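Read-outs throughout are calculated quantities, based only on the coordinates presented, and are distinct from any laboratory measurement. Everything quoted here is computed from the prediction, not taken from an experiment. So basically every Cβ, Gly included, is an ideal-geometry build from the backbone, and we count neighbours across all protein chains shown.
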Amino acid sequence: MPDAAPGLARQFGIAVLLLALAAAAPWLLSAYDLNLLARFLALALLALGLVLTWGHGGILSLGQGVFFGLGGYALAMHMKLDGLAPGEVPEFMMLSGVETLPWWWAPFAHPAVAIAAVVAVPALVAALFAWSVFARRVSGTYFSLITQALALAFATLLVSQQDLTGGFNGLTDFQTLLGADLNDPGAGRWLYWLTLACLAAGWALVTLLLASRFGTMLRAVRDGENRVRFLGHDAAAYKIVAFAVAGALAGAAGALFTLHAGVISPAMVGVVPSIEMVIWVAIGGRLSLAGAILGTVAVNFARDKVSSAFPELWPYALGALFILVVTTLPGGLAGLRKAR
Amino acid sequence: MTAVGDLLLAVDGVTVDFDGFLALDGFSLTLDKGELRVVIGPNGAGKSTLCDTIIGRVRPSDGRVLFRGQDISRLPVHRIAQLGICRKFQAPGVLPTLTVADNLAIAAAKSKRLWASFGFGQPASERTRVAEILDRIGLGDRRAAIAGTLAHGEKQWLEIGMVVATDAELLLLDEPTAGMGPAETSRTADLIRGLAGDHSIIVIDHDMSFVEQLAARVTVMHQGQFLMQGSVAEVRSDARVAEVYLGRAA
C-alpha cells in the first residue's frame with residue numbers, strides 16, 4: 001500500500017548490509033561450520049514461505065517437508081543421471097534389477113529441466129493441493145491435519161519404491177553438477193554464495209508480496225475470510241497463490257540443502273521434519289521474515305551442538321523451547337523487539 | 001407496494017428448510033431501485049435468513065431470488081457480491097488488524113481480480129473514493145487507526161462504509177445500530193437515509209425508535225412468512241402486528 005514505500009527502502013538497506021556481512025562468512029568460518037551455515041540458510045528459505053502462509057495467511061502447513069522433498073529429489077535425480085551415458089541407469093537401480101530408466105526419470109537428465117522442476121513441481125503440486133482443499137472451504141486445523149497426512153503418505157511412498165527412489169536411504173553420492181566437481185574444496189564456497197543469493201532473492205520476493213496489495217488481502221483473508229468473500233473477492237485464490245509460493249520456496253530450499261548435505265532421503269521430508277520447520281518459525285517469529293531466518297539458523301545450530309553431545313535430549317529441548325515460546329512470546333524472537 | 005417503479009430485487013416464494021424447520025416459508029418481497037426498506041419481525045421470524053439467502057450463504061429449497069431479473073439463488077457468494085449486493089452483518093465484521101483506510105480500500109477495490117493485487121500504488125479513483133467515504137461515515141481523522149482498536153459505534157460505521165465502498169446497488173444492513181446509544185443511533189439513521197437513492201437498502205432491526213427515524217416502508221415478517229407491509233404508522237396500528245409481537249392478549 002502507498003504508506004509502505006519508505007519502510008521498504010529502509011528494510012532493503014539493512015538487508016544489503018547483512019548480506020554483505022554474510023557473504024564474508026567463507027573467510028571467517030571453518031569449512032565444517034560454513035557447510036552447516038549453508039544448510040541452515042537453505043532451510044531458512046523454506047521458513048520464509050511459512051511466514052507468508054502461516055504468519056500472514058493463517059494457513060498452518062504441517063507438510064512443508066513434501067515440497068522440500070520434491071525440490072530436493074528433482075535435483076538429486078539430475079545429479080544421479082549426470083555423467084551417465086544415455087540408456088544407463090543409476091547404480092542403485094541396477095542393484096534392484098531395474099534395467100531401463102523409468103519415463104519420469106528421463107527428463108531430469110537435462111539440467112535446465114531439473115532446475116526448473118526444483119521450483120515448478122512443488123509450486124504446482126502445492127497449488128493443486130491447496131486448490132482442491134480450499135475450494136471445499138476446508139481450513140484451520142482440518143487443513144493442517146491433511147497436510148500432515150500428505151507428508152506421511154509422501155515419505156511412505158518414497159520408502160516403498162526402493163528400486164525407483166532409493167527407498168529409505170534416499171539418493172546420495174553425487175559427483176558433478178553442471179560440469180563442476182562437487183567434491184572440489186572450493187565448491188563449498190560457491191554453493192554457500194549460491195544459497196545466500198537464493199535466500200536474498202526469496203526474501204525480496206516475499207517482502208514485496210507482503211508489502212503489495214496482495215499482502216493486505218492475504219491478512220484480510222486471515223482475519224475474516226467470509227468478510228472478504230462477501231466484499232466480492234475470491235478469498236481462496238489468495239491462499240492458493242501464497243501456498244504455491246511457499247511450495248516453490250520449499251522446493252528451492254530442498255534442492256540447495258541436498259547440495260550441501262550430499263543426500264536427500266525420506267527422513268528429511270516426513271511428518272517430524274515438517275513439524276520442526278514450523279517450530280523454527282514459531283521460535284523466530286511467524287510474522288517476521290528476519291525472525292524466521294534467525295529462528296531457523298539458531299535452532300539448527302543449537303540442534304547441531306545439543307544433539308552431538310546428548311542425542312536423546314534434543315527432541316525434549318526443542319519441545320520445551322516450543323512450549324516456552326508459544327506461551328510467553330507469541331511473536332517469537334522477533335516479537336521481543338516490537339514489544340519494547 | 002408501488003405498482004410502477006424500477007424493480008431491482010424480487011424474492012419470489014422462497015422457502016428455506018433447515019432439517020424440517022422452515023426458516024422461510026414461501027416468502028416474497030420486492031424492492032425498487034433506490035428504495036429504503038425496513039424489515040421487522042419478532043425473534044425467529046426469518047429476517048437474518050432472508051439476508052443470508054439473498055447473499056447466497058443459504059440456499060433456498062424452493063423459490064427464486066431475482067436481482068435485475070437474473071436468478072442469483074444458485075451463484076457462489078463472491079459472484080453475487082460482484083453483481084452488486086453487499087451485506088453488513090449483525091456483529092461488526094471489520095478486518096481487525098488492518099487500518100481503517102485499508103478496510104475501505106479492500107471494499108472499494110475496482111478490480112477484484114487476484115492479478116490486480118500484485119502492485120503497490122493505489123489508483124487515484126480508489127483513493128478519492130476512500131477519502132469520500134471516510135468523510136461520509138465521520139471517520140476522517142481515524143484513517144490510519146487499526147480497525148480492531150475502534151470503539152463499537154465506530155466499527156459499525158466503518159462496516160457500513162465498507163458496504164457502501166463496494167458500490168453495491170443493494171445494501172443489506174442487519175441490525176446496524178445494535179449496541180449503540182441514542183445519539184449514535186440517530187447519527188446512523190441520518191447516514192442511512194443519506195445513502196438511499198444512490199443505493200437500494202434493506203435494513204433489518206427491531207428498535208422501533210430507529211425504524212421511525214428511517215421513515216421508510218416497513219415489511220413485517222412472522223414465522224418465515226410475509227405478514228404485512230406499510231408505513232411505520234400503519235404497522236404500529238395494525239392488530240395482527242400487535243398480536244405477533246405481544247401475543248394473543250393484545
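Can you work out the FRET efficiency for the pair A:Arg337 and A:Phe12, with r the C-beta to C-beta distance and R0 = 25 Å, to the nearest 0.05?
Calculated transfer efficiency: 0.85.
Counting pairs of alpha carbon atoms under 8 Å apart in space and at least six apart in sequence, what relative contact order in percent does chain A give?
Details: 515 pairs, mean separation 113.9, N = 340.
Computed value for chain A: 33 percent relative contact order.
Measure off 7 Å from each Cα along the Cα-to-Cβ vector at B:Ala215 and A:Ser132, then give the distance between these two points in nanometres to one decimal.
6.0 nm
Add -39500 (n - 2.57) for each DSSP H run of 4 or more in chain B, then divide by its residues: what number comes out at 222 nm, to the nearest 500 deg cm²/dmol? Before the final figure, lay out the partial values.
Working: 9 runs with 87 residues, N = 250.
The helix contribution divided over chain B gives -10000 deg cm²/dmol.
Which of A:Gln11, A:Gln162, A:Gln148 moves the most in a Gaussian network model of chain A with Cα springs under 10 Å?
A:Gln11
Once the Cα atoms of helix A:187-211 and of chain A are each reduced to a long axis, what angle between those two axes, in degrees from 0 to 90 to the nearest 10, is obtained?
Rounded to the nearest ten degrees, it is 30.
Can you give me the long-range amide H partners of A:Gly285? Hydrogens built in the peptide plane at 1.01 Å from N, cutoff under 5 Å, separation of 5 or more residues or another chain.
A:Leu333, A:Ala334
Quick one: what do you get for the stretch B:44-171 if you divide its Cα Rg by 2.2 N^0.38 Å?
1.14
In vacuum, with every alpha carbon of the protein assembly as shown counted as one equal point scatterer, what does the Debye formula give for log10 I(q)/I(0) at q = 0.09 Å⁻¹? Two decimals, please.
The computed values of log10 I(q)/I(0) come out as -0.79.
Per-residue Cβ counts within 10 Å, from other chains only, averaged over B:74-83: what number is that?
For this peptide, the per-residue mean of nearby foreign Cβ atoms is 3.
For the protein assembly as shown, please report how many Lys pairs fall under 30 Å Cα to Cα, leaving out neighbours fewer than 8 apart on the same chain.
The result is 20.
Answer rounded, prolate or oblate for the stretch A:152-240, using the Cα gyration tensor with square roots of eigenvalues a ≥ b ≥ c: rounded when a/c is under 1.5, else prolate when a/b is larger than b/c, else oblate.
Note, shape of the stretch A:152-240 comes out oblate.
Dipole size in debye (nearest 20) for the protein assembly as shown around its Cα centre, Lys and Arg Cβ +1, Asp and Glu Cβ -1?
840 debye
What average number of partner chain Cβ atoms lie no more than 10 Å from the Cβ of the residues making up A:232-243?
Numbers: counts 17, 10, 8, 2, 2, 6, 2, 0, 1, 4, 0, 0.
Average per residue, whole number: 4.
Could you list which residues have their amide H under 5 Å from that of B:Asp62, counting only those 5 or more apart in sequence or on another chain, with H placed in the peptide plane?
B:Thr15
Please give the Cα centre distance for the stretch B:127-169 versus the stretch A:146-206, rounded to the nearest Å.
A separation of 49 Å, based on Cα centres.
Based on alpha-carbon positions alone, could you give the equivalent ellipsoid semi-axes of the stretch A:210-277 from the gyration tensor, as √(5λ), descending, whole Å?
33, 13, 9
Which far-off residues, 5 or more places away or on another chain, put their amide H under 5 Å from the one on B:Asp25, with H placed in the peptide plane?
Answer set, sorted by chain and number: B:Val16, B:Gln225.
Running a GNM on chain B with Cα contacts under 10 Å, which residue among B:Leu114, B:Leu158, B:Leu95 ends up with the highest mean-square fluctuation?
The residue that fluctuates most here is B:Leu114.
In percent, what relative contact order does chain B have, based on Cα pairs under 8 Å that are 6 or more apart in sequence?
So the answer I get is 26 percent.
Can you tell me what the convex hull of the Cα atoms of the stretch B:1-88 projects to on average, as an area in nm²?
Value for the stretch B:1-88: 6.0 nm².
Each residue of the stretch A:245-251 in turn: what ³J(HN,Hα) in whole Hz from Karplus with 6.51, -1.76, 1.60 and θ = phi - 60°, glycine and Pro shown as x?
These are the phi-based 3J(HN,Hα) values: 4, 4, x, 5, 4, 5, x Hz.
For the stretch A:1-144, what log10 I(q)/I(0) values come out of the Debye formula at q = 0.15, 0.16 1/Å, with one point per alpha carbon and no solvent?
Rounded to two decimals, the profile gives -1.06, -1.10.
Counting alpha carbon pairs within less than 8 Å and at least 6 residues apart, what relative contact order, in whole percent, applies to the stretch A:71-157?
For the stretch A:71-157, the relative contact order is 30 percent.
How would you rank A:Met268, B:Met162, going from fewest to most other Cβ atoms within 10 Å of each one's own Cβ? Working shown, then result.
Working: A:Met268 20, B:Met162 27.
If I rank by nearby Cβ atoms, fewest first, I get A:Met268, B:Met162.
Considering only A:Ala246, A:Ala120, A:Ala47, give the residue with the highest GNM mean-square fluctuation for chain A, with springs between Cα atoms whenever their separation is below 10 Å.
Looking only at A:Ala246, A:Ala120, A:Ala47, the largest GNM fluctuation is found for A:Ala120.
Apply the a/c threshold of 1.5 to the C-alpha gyration tensor of chain A and tell me whether it is rounded, prolate or oblate.
prolate
In 5 Å bins starting at 0, how do the alpha-carbon pair distances of chain B split up by percent?
So the P(r) values, bin by bin, are 1, 6, 13, 17, 19, 17, 13, 8, 4, 2, 1, 0, 0.
Please identify which residues in the stretch A:143-176 have an amide N closer than 19 Å to a label point set 7 Å out from the Cα of A:Val272, following the Cα→Cβ vector.
It comes to A:148-160, A:167-171, nothing else.
Using Cβ contacts closer than 10 Å as the measure, can you line up A:His233, B:His222 from fewest to most?
B:His222, A:His233
Return B:Val11, A:Val269 ranked ascending by Cβ neighbour count within 10 Å, so the fewest neighbours appear first.
Working: B:Val11 22, A:Val269 28.
By the 10 Å Cβ count, ascending, the order reads B:Val11, A:Val269.
Can you figure out the FRET efficiency of B:Arg79 with B:Ser125, using R₀ = 22 Å and their beta-carbon distance, to the nearest 0.05?
Taking R0 as 22 Å, the efficiency between B:Arg79 and B:Ser125 is 0.40.
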